[in-house]
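To start, the structure under review is shown below, and the notes come after it.
Readers should treat all values here as calculations from the given coordinates under stated rules, not as data from a laboratory. Keep in mind it's a predicted model, so treat the numbers as computed, not measured. All Cβ positions, even for glycine, are placed from backbone atoms using ideal geometry, and neighbour counts span all protein chains on display.
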Amino acid sequence: MKLKYLIVLISGLISQIGCDSGVTPPADNPVIDSNYLAVPEIGSGNYAFTSWFNKKIYYAGPLSSFELTDSFSIVNNKRRIANLGGISFLSTVIHDHKLLLISSQYGDISMGDLYELDTATNQTQLVIDSLNISSAFPYDNDSIVFYSYGKPLGSAYGYYVMSRTSKDRRLLFSYVSELGPDEVVNGFDLDADKKILYFPLIKRNAPPKIGRYFINLGTTDTLPVTFPSTDVKYCLWLRLNSQKSQLLYSRYPKKISLEIPPTESTETGIIDLTSFDLKLIPLAPKNEKGVGVFPQWSDDDKSLSFGYAKVDNTGHVYPFSVFILKRF
């Protein structure tokens with residue numbers, strides 16, 4: 001997907017994913033192999049969400065950034081580049097030095113009001129309020145597509161298009177995740193032509209499916225991809241590559257930022273959208289209990305960034321750190 005906007009979903013409580021945490025992470029960063037790069041910590045934080053813009057990578061939270069050289073060296077690692085509190089979610093789009101953000105009041109989930117940040121002045125402006133928005137993408141130069149859990153929860157839920165200037169909005173289609181905000185973030189994505197919306201179909205006690213909504217036709221279908229029914233990875237995160245030929249996914253249990261069943265982990269893979277073959281991508285060190293979540297493509301589709309956290313024997317998830325998978 002072409003980078004036009006950077007959309008950031010912000011959370012206001014210190015206990016959630018993407019914000020300062022009172023839990024002390026393990027002292028050592030895990031070493032996977034030379035193809036993986038751990039981003040050095042700057043102070044305390046819980047960094048699970050990332051976004052690429054050329055060689056610059058934003059990560060949260062709090063909102064920070066670094067630059068990656070061609071030899072995969074990290075330079076200009078800057079923490080708290082805006083005084084915005086804790087941050088949970090970043091998407092993969094940027095335009096005119098403006099960031100779209102969502103400020104949340106709900107612990108470890110991405111759900112709240114949509115704001116716009118001017119990165120030159122660090123001033124924010126409210127765009128949409130009172131809709132419990134979880135995630136959003138630009139639709140055109142004026143409009144935004146977003147998912148709302150509804151306010152109150154469970155009312156008027158679904159995917160919407162809204163004009164940033166007139167504030168007029170229309171419902172694309174209604175959809176409710178059976179897990180609701182326990183999925184942490186609604187991991188939908190748009191293709192570069194803004195014709196197809198890929199969205200997670202979440203059930204409470206069944207493996208997820210991948211839905212497609214054809215915007216011009218107003219119709220939906222599901223991809224012929226089946227996930228195992230022998231685990232509890234009911235939540236799903238989706239990201240298209242820039243050529244629209246591959247779909248990156250992350251499967252994970254609910255409330256991943258807090259705890260995970262002791263026998264569970266996460267799963268990341270790439271789906272070929274022609275053959276629908278699936279290739280698994282390991283995002284955890286060998287012989288170590290850990291979880292890798294919310295991967296993002298680099299601009300050239302050759303690298304991935306993701307959040308990684310160690311997990312103890314009880315299922316407690318330590319704060320997340322940013323990792324780079326150089327090539328895969």
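Data for the structure
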| read-out | value |
| --- | --- |
| Computed FRET value (nearest 0.05) for Thr121 with Arg212, which takes r as the C-beta separation and R₀ as 56 Å | 0.90 |
| 14 Å beta-carbon shell around Val317, net charge (K/R +1, D/E -1) | -1 |
| Potential extension, Asp312-Thr274 segment - 0.36 nm per residue separation minus Cα distance | 9.8 nm |
| Rg [Å, one decimal], Dmax [Å, integer] - region 137-254, C-alpha atoms | 14.4, 48 |
| Vicinal HN-Hα couplings computed from phi for region 315-328 (Karplus, 6.51 cos²θ - 1.76 cosθ + 1.60; Hz; Gly/Pro x) | x, 5, 9, 6, x, 7, 10, 8, 10, 10, 8, 5, 9, 8 |
| Mean shadow area of region 213-328 over all directions, Cα convex hull, nm² | 8.3 |
| 3J(HN,Hα) from dihedral phi, region 297-311, Karplus parametrisation 6.51/-1.76/1.60, rounded to Hz, x for glycine, proline | 6, 6, 4, 9, 6, 9, 10, 10, 10, 6, x, 10, 9, 6, 10 |
| Distance between modelled label sites at Thr226 and Lys55, nm, 7 Å Cα→Cβ extension | 4.7 |
| Point-to-point label distance, Asp300-Gln105, nm (Cα→Cβ direction, 7 Å offset) | 4.6 |
| Per-residue ³J(HN,Hα) for region 160-165, Karplus 6.51 cos²θ - 1.76 cosθ + 1.60, θ = phi - 60°, Hz, x for Gly and Pro | 10, 10, 9, 6, 6, 8 |
| Ordering of 184-196, 237-249 by burial proxy (mean other Cβ atoms within 10 Å per residue, highest first) | 184-196, 237-249 |
| Distance in nm between pseudo-label sites at Phe328 and Ala38 (7 Å out along the Cβ direction from Cα) | 1.9 |
